[in-house]
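The values are calculated or read from the model by the stated rules, or taken from the named source; none is laboratory data. Keep in mind it's a predicted model, so treat the numbers as computed, not measured. With ideal geometry, Cβ positions are generated from the backbone for all residues, glycine too; neighbour counts draw on all protein chains shown. Keep in mind that these areas ignore ligands, DNA and RNA; they rest on the heavy atoms of the full protein, side chains included. Shrake-Rupley method; radii C 1.70, N 1.55, O 1.52, S 1.80 Å.
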Amino acid sequence: MQNENGENVDLYIPRKCSWTNRLLTAKDHGSVQINVANVDPVTGLATGDSTAFALSGYVRFHSSGDEALADLVAKNDAKLASQE
C-alpha cells in the first residue's frame, strides 16, 4: 500500500519467484535467492552490480532450478546488452 506521497508503507512485502511468479511464503524453506554479477560484454569483467533472482521451492523440487536460472540470466544479459 502507498500513501499520498507515493511512499511504500507496508511492513512486509513478499518476494515472488522470478521464474513462476509464485509468492515465496515464510514457510517455503526450499526457496533461494541468488545474486548474479553483471558482466561488461566488451571486457568480460564484473561491473560491481548484481541482479537478484528468487527461485521457489516448487521449482527446485521439480529439478527445474538450473534451467530456470540459466534462462533468467540469458534474458537479463540480452536486456543489459540492448541497453548499451
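Of note:
- Residues of the range 1-18 satisfying the condition of being under 17 Å from the mean Cα position of the chain (by Cα) and either open to solvent by 90 Å² or more (accessible area, probe 1.4 Å) or without any contact (Cβ under 8 Å) to a residue 40 or more places away in the chain (or both): 13, 14, 15, 16
- Of the residues examined, residue 57 is not one that is surrounded by 10 or more Cβ atoms within 10 Å (Cβ to Cβ) and touching a helix residue (DSSP H, G or I) at 6+ places or on another chain (Cβ under 9 Å).
- Residue pairs whose Cβ atoms lie under 6 Å apart, separated by 6 or more positions or on different chains, with the first residue in the range 28-39 and in contact (Cβ under 8 Å) with a residue 40 or more places away in the chain and the second among the hydroxyl-bearing types (Ser, Thr, Tyr), are 36/51; 38/47.
- Scanning the range 48-82 for residues that are part of a strand (DSSP E or B) and on the phi < 0 side of the Ramachandran plot yields 49, 50, 51, 52, 53, 54, 55.
- Which numbered condition residue 48 fails, given (1) loosely packed, with under 10 Cβ neighbours inside 10 Å; (2) in contact with a Ser or Thr (Cβ under 8 Å, 6 or more places away or on another chain): (2)
- Test result for residue 77, free of Cβ contacts under 8 Å to residues at least 60 places away in the same chain and touching a strand residue (DSSP E or B) at 6+ places or on another chain (Cβ under 6 Å): no
- Among the residues of the range 19-29, the ones that are closer than 17 Å to residue 69 by Cα and surrounded by 14 or more Cβ atoms within 10 Å (Cβ to Cβ) come to 3 in all.
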